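**Student:** Got a structure here, written out as structure tokens. Questions coming.
The values are calculated or read from the model by the stated rules, or taken from the named source; none is laboratory data. Keep in mind it's a predicted model, so treat the numbers as computed, not measured. Reconstructed Cβ throughout: ideal geometry from the backbone, glycine too, with neighbour counts over all protein chains shown. Ligands, DNA and RNA are excluded from the accessible area calculation, which covers all protein heavy atoms including side chains. Shrake-Rupley method; radii C 1.70, N 1.55, O 1.52, S 1.80 Å.
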Amino acid sequence: MTSKMVTVPDNEETTDLKPDPQAVKAAATREQISPTSQHEKSFRTRSKSLSSSSVRPRQTLTVNTAAQEFIPSLPNDDTTEAVKVRSWEMTLELSIKAIVAIKANDVRSFDTEVSGEYTATGFVVDAERGLILSNRHVVSPGPAVAQAVFTNYEEVELEPIYRDPVHDFGFFRFNPKKVKFIQLVQIPLSPERAKVGVDIRVVGNDAGEKLSILAGTLARLDRRAPEYGIGEYNDFNTFYLQAASGTSGGSSGSPVLDIDGHAIALNAGGASRAQSSYYLPLDRIVRALGYLQKGQEVPRGTLQTEFEHSPYDELRRLGLKTGIEQQVREKFPEETGLLVVRKVLPKGPADGLLIPGDILIKVNGNMVTNFNSLFSIIDDSVGEEIILTIGRGKVLESVTLRIQDLHSITPNRFVEIGGGVVNELSYQLAHSYQQPVGGPYVATPGHMLASASAWRKSVIVSVNNIPTPNLDAFIEAMKTLPDGARVPIRFYSLLKFYKERVMIMHVDRHWHKFQVAVRDDNSGKWIFEEMLPPPAIHSYIPATASYQVLDSSIYPAGKLWPSFVALDFHLPYLVSGMKSTQFRGSGVVLSTDPPLIACDRDTIPISVGDIFITFANSIIIPGRLLYLHPFYNYAILTYDASLLGETPVVAAELNDIELNQGDEVYLVGIGNDQSPVMKKTIVTSIRNVGTKECSPPRWRAMNVEGIGIDDPVGSQVIGGVLCTKDGRIQALWLGYSSQNDKGKDISFMFGLSISLVRNVLEPLRKNIIPKLHNLNVEFWTMRIAPARTLGLTDKWVRKIEGVPNSKHTLLYVLNILDTASPAGKLLKVGDVVLKMNGRVVTRMADLPTVIHNSETVDMLILRDGKEMNIQVATTLYTGEETTRVIGWAGALIEEPYHAVLEQVRYVPSRVYISCTLYGSPAAVSLKPGVWIVEIAGRKVTDLGSFLEAIHNHEKEVAENEDDDGYVRIKTVSRMEVTKVVAMKLDPHYWGTWQLVKDENATTGWKCIPA
């Protein structure tokens, strides 16, 4: 499944879907505005609405009636009586029965499209067979699910059965028997009725509205196809119609009607800076519909060449002879020009035979003046040769070309691997970037390809030095790679196709499936075939490396350099509040027997992911997480020391003398370029580390003091240590992560006393997982002056002032982190702490001694001006946070972690939506950061009861043939708002799975069916 992740906004408004009689009447008499300039070049991107907050109409299931075609009779003459019959009001009232609102979801990124929800329009063109016409970018070139909603709120499932490879049209199919309460009608297609000056109405789902009626007048029939941008879907080799009518998002696929109710064009796009709309002519659509009605494949041919229509004045400048122009004008008096070659794709049928600027005069001896006449011949000549007569300058030439099957260069399958999607580079994209067709194209990188920075719009040239000229070669190359291997991958970006890159890719066969999907136009689905398991799990061969010898002038860096490592952490899923999937930092070896490395939680923030450790800038081996400190900003990793051969890794020496303000200290670390950094400096401050609650909630450091130094170099390293002049570590130099007041991620560096690491390090050396206790509150310090205002007595002032190394401060409760914990029930925000277990506490550094090894804490606090003695039970922490993740319908679900608990007053359940994946049902209907409390009427309290509820629902669905595929879900937000949604399940594309702990796996996790 794809690793690309989304947060979906709530949909608070519902729009009435019924046509307003007054709106129909108004549309029937609306005046037209004059057409815009023919030189308008700023286009609105395709008009389907991509907003995830678009209108979702209510659904009503009802009984079927006989289908009948709607073809209004035309008036015999232009009498007053006839005009009354040919009224827009009557036409629109009948037409809207055939027009549907389409709710669709691209379930995977593919070709030009990215995964996600959108709305659009379509209309019935064959009621008996259940065929609906819409745009290609609505039907989608990739896997999509869609529903149609008729004007009476009836909803039916749609099957995408045809999308044209080039032109912006496609067809859905529905089962007419599923339509219960509306009389099916169809709108006839009449391309011959499109004429300049014709009064039109565009009826459809405009800008998310179920029914909008926009008026216009056809102004041009020979406009160039609109351009939506490089790398986007673009139509070409066709004229477009232009009218003064400002259609907008969601009106894609709307019929362009004349007053008799005939569709004369298909709405597609419009100008963004003027009230102009662009419509696709129906000629090629009518041809395709005829083949589909016969159950046949639609023949489409190509020369991999783009033509453009040029008027005679421009043709003369290109070399058109006067005699030829005269012949064309005499034979085709209505025509205004000829077709000219605009673009020829490399390695295509016309490469080397046609060049830009060639004027097309004849095909097979017959004069051709427009797109329809040319492509009628090309489409009917697939696999055959045709002869083109062209004018190249002043010379006439004959060129023989073989017509290629256009469908053969239109991808109909993709590979899903490592959470990414790869398909064959399509004719559409090749045309956009002037590249040869074919080659593995990255539609979305996912976890694996992102590790090599092979982002979307990359084309893969080779994998592990195996050439990959096409998708089959890519599949075969991937089959040979062991899980966990690190291999070179060569690729280029279409944005800079002239520059290849070689990167190292981490092969992932353990987090995600490796499968191939092939489109089945009979069912409208993409059928998956899972590939065989990897040939092996990658075995690392022991290797030996030597460390760089550093100059004595930067001692003690030379002593510590064999203790430093570089770290890479790759996340397969965005869980536990993560917003990024790639993390890099450094660590320091604190023990070689057993092998233990300390690093900050800005590098290893959670337990789910792949860890890679680099020694001596030479050897890369996998690492494994042993311990995530629940309070302080560090993690402890381990590794297989046998893989390092004779590499002289050295455990750093520790110094237990606490640093104080003004102390001389040495900063030694790794710079951004992986080179050593050393600086003699002084401790400028020891102060509280302040972090803010993050959105989405994620772990943050608190209740700890940070060591500040007087050196700007400290912010230029990715990690390091503060040590004595003989190289003994007194503190770790760590990166901290938080957010500012505007919600933007920020990071900063502080030193962490080594004493806070030693109490975890010593048990781990004995293979014992530390178990620490804590109060679920966030403390902060208060000066004596405000404490006096709160009731602090002079006696206590003297006690505090008399504490050794006192900063004349007290601790107070700033925030309750878990209201359900013992501390959350007894302590209150604002409580001033005087004593803990008989000891006066005045700073954060006092907390570890009195809390971390105590099951209860006797506290003397100052509350509301009164001193109180309370005994508070502590909470036990084992260093484990996320222990299980369930994937269901594209939602990533886990138990609410600690960072979530601090942002709520109460926990509705232990079923928390951490993330939703683009293109999934969950992305459409659910919102990350909420709790699920009920599934199909069954209460859920934890992950076990949640799985039981969804499996019971699956059984009910299997036993009920009339089930509509929706499941009712009740959720509660952090603001304690209860919401009930009906989510359309999609088990074909979005199954149920889970990540569970596995001590035998390198990562400590395995993915299994749920």
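**Student:** Just the ratio, please: alpha-carbon radius of gyration of segment 913-993 over 2.2 N^0.38 Å, N its number of residues.
**Tutor:** Numbers: Rg = 12.5 Å, N = 81, 2.2 N^0.38 = 11.7 Å.
Relative to the 2.2 N^0.38 Å estimate, segment 913-993 comes out at 1.07.
**Student:** What are the residues whose amide H is under 5 Å from the amide H of D126, where those residues sit 5 or more places off or on another chain and H is modelled from the backbone?
**Tutor:** Sorted by chain and number, the residues that satisfy this are L131.
**Student:** A follow-up question, please. Okay, helix-only estimate at 222 nm for the chain: each DSSP H run of n ≥ 4 adds -39500 (n - 2.57), divide by all residues, round to 500 deg cm²/dmol; what do you get? All intermediate terms of the calculation are to be shown ahead of the outcome.
**Tutor:** Values: 20 runs with 151 residues, N = 1010.
Helix-only estimate at 222 nm: -4000 deg cm²/dmol.
**Student:** In addition: Around P908, what is the net charge, scoring Lys/Arg as +1 and Asp/Glu as -1 over all other residues with Cβ under 13 Å from its Cβ? If you can, show how the numbers build up before the last one.
**Tutor:** Numbers: positive: R905, R910, K939, K970, R974, K979; negative: E895, E934, D942, E976.
It works out to a net charge of +2.
**Student:** How large is the accessible surface per residue of the chain, computed with a 1.4 Å probe and reported in Å² as a whole number?
**Tutor:** Numbers: 40770 Å² over 1010 residues.
Per residue, the chain has 40 Å² of solvent-accessible surface.
**Student:** Describe numerically, in nm with one decimal, the distance between label points set 7 Å from Cα along Cα→Cβ at F497 and at R788.
**Tutor:** Simple spin-label model gives 7.7 nm for this pair.
**Student:** For segment 856-933, state the semi-axes of the equivalent ellipsoid (square roots of 5 times the eigenvalues of the alpha-carbon gyration tensor), sorted largest first and rounded to whole angstrom.
**Tutor:** 37, 15, 8
**Student:** Where a Cα-Cα gap under 28 Å defines reach, which lysines qualify for K771, not counting those fewer than 8 residues away within the same chain?
**Tutor:** K692, K825, K828, K835, K997, K1006
**Student:** Sticking with this one: Work through the residues other than G301 whose Cβ is under 9 Å from its Cβ and net out their charges, Lys, Arg +1 and Asp, Glu -1.
**Tutor:** Values: positive: R300; negative: D379, D380, E384, D405.
Residues close to G301 contribute a combined charge of -3.
**Student:** A further question on this structure: With a 1.4 Å probe and all protein chains left in place, how much of the accessible area of the chain comes from carbon and sulfur atoms, in whole percent? Please report the intermediate quantities before stating the final value.
**Tutor:** Details: 20350 of 40770 Å².
Here carbon and sulfur together make up 50 percent of the probe-accessible area.
**Student:** About the Cα centre, and with charges only on the beta carbon of Lys, Arg (+1) and Asp, Glu (-1), how big is the dipole of the chain? Nearest 20 debye, please.
**Tutor:** Values: 105 positive and 115 negative charges, 391 e Å.
Roughly 1880 debye for the chain.
**Student:** Would you tell me the accessible area of F307, worked out with a 1.4 angstrom probe on the heavy atoms of the protein chains, in Å² to the nearest 10?
**Tutor:** F307 has an accessible surface of roughly 10 Å² with all protein chains in place.
**Student:** May I ask which residue of I537, L764, S973 lies farthest towards the positive end of the charge dipole of the chain, with charges of +1 (Lys, Arg) and -1 (Asp, Glu) on Cβ and the Cα centre as origin?
**Tutor:** About the Cα centre, the residue reaching furthest to the positive side is L764.
**Student:** With +1 assigned to the C-beta of every Lys and Arg and -1 to the C-beta of every Asp and Glu, and no other charges, what is the dipole magnitude of segment 724-873 about the Cα centre in debye, to the nearest 20? Numbers along the way, then the final one.
**Tutor:** On the way: 21 positive and 14 negative charges, 64 e Å.
In total the dipole reaches around 300 debye.
**Student:** Give me the Kirkwood hydrodynamic radius of segment 129-238, using the inverse of the mean 1/r over all pairs of distinct Cα atoms, in Å to one decimal. Each step should come with its number before you reach the end.
**Tutor:** Numbers: mean 1/r = 0.0616 Å⁻¹.
One decimal place: 16.2 Å for the Kirkwood radius.
**Student:** Starting from the alpha-carbon convex hull of segment 338-473, give the projected area averaged over all orientations, in nm².
**Tutor:** On the way: hull surface 37.8 nm².
Seen from a random direction, the Cα hull of segment 338-473 projects 9.5 nm² on average.
**Student:** For I754, what residues show an amide H to amide H distance below 5 Å, using hydrogens built from the backbone and excluding near sequence neighbours?
**Tutor:** Residues meeting the amide H criterion: A731, L732.
**Student:** What list of ³J(HN,Hα) values in whole Hz, one per residue of segment 226-240 in order, does the Karplus curve 6.51 cos²θ - 1.76 cosθ + 1.60 (θ = phi - 60°) give from phi, with Gly and Pro shown as x?
**Tutor:** Here the 3J(HN,Hα) series is x, 10, 9, x, 5, x, 9, 5, 9, 7, 7, 6, 7, 7, 10 Hz.
**Student:** For a label point 7 Å from the Cα of I541 along Cα→C-beta, name the residues of segment 458-496 whose backbone N is under 19 Å from it.
**Tutor:** So the set is 464-466, 480-489.
**Student:** May I ask for the net charge around P311, where only other residues with Cβ less than 15 Å from the Cβ of P311 are counted and Lys, Arg are +1 while Asp, Glu are -1?
**Tutor:** Working: positive: R220, R223, R224, R316, R317, R329, R342; negative: D222, E308, D313, E314, E325, E334, E335.
Taking every other residue near P311 into account, the sum is 0.
**Student:** Across bins of 10 angstrom width beginning at 0, how are the C-alpha pair distances of segment 749-814 distributed, in whole percent?
**Tutor:** That works out to 16, 29, 29, 19, 6, in percent per bin.
**Student:** Subtract the Cα-Cα distance of S945 and K479 from 0.36 nm times their separation in residues, and report this length gain in nm to one decimal. Before the final figure, lay out the partial values.
**Tutor:** On the way: separation 466, 0.36 × 466 = 167.76 nm, distance 3.81 nm.
So the extension gain works out to 164.0 nm.
**Student:** Also, I was wondering about something else. Report, in cubic angstrom per residue, the convex hull volume of the C-alpha atoms of segment 445-592. Mind showing how you got there, number by number?
**Tutor:** On the way: hull volume 30.8 nm³, N = 148.
Given the Cα convex hull of segment 445-592, per-residue volume reads 208 Å³.
**Student:** Report the dimensions of the chain along its three principal axes from the alpha-carbon atoms, largest first, rounded to Å.
**Tutor:** 108, 62, 52
**Student:** Just to compare against my own numbers: the Cα pair-distance distribution for segment 103-184, 10 Å bins, whole % per bin, please.
**Tutor:** 19, 53, 23, 4
**Student:** Give me a comma-separated list of calculated 3J(HN,Hα) values for segment 635-643, in order, Karplus coefficients 6.51, -1.76, 1.60 applied at θ = phi - 60°, integers in Hz, x for any Gly or Pro.
**Tutor:** 10, 10, 10, 9, 7, 8, 5, 5, 7
**Student:** Got a sec? Charge dipole of segment 716-794, +1 on Cβ for Lys and Arg, -1 for Asp and Glu; which of S737, T724, I784 is way out at the positive end?
**Tutor:** T724
**Student:** Need one number: nm distance between label points at K742 and A651, each 7 Å from Cα along Cα→Cβ, rounded to one decimal.
**Tutor:** Computed distance between label sites K742 and A651 equals 4.7 nm.
**Student:** Non-local amide H neighbours of D520 (under 5 Å, H modeled in plane, Pro and chain starts lacking H): which ones?
**Tutor:** Counting only residues 5 or more places away or on other chains, the set is K525, W526, I527.
**Student:** Rounded to two decimals, what ratio of Rg to Rh does segment 548-592 give with C-alpha atoms and a Kirkwood Rh?
**Tutor:** Details: Rg = 15.7 Å, Rh = 13.1 Å.
Taking Rh as the inverse mean 1/r over Cα pairs, Rg/Rh reads 1.20.
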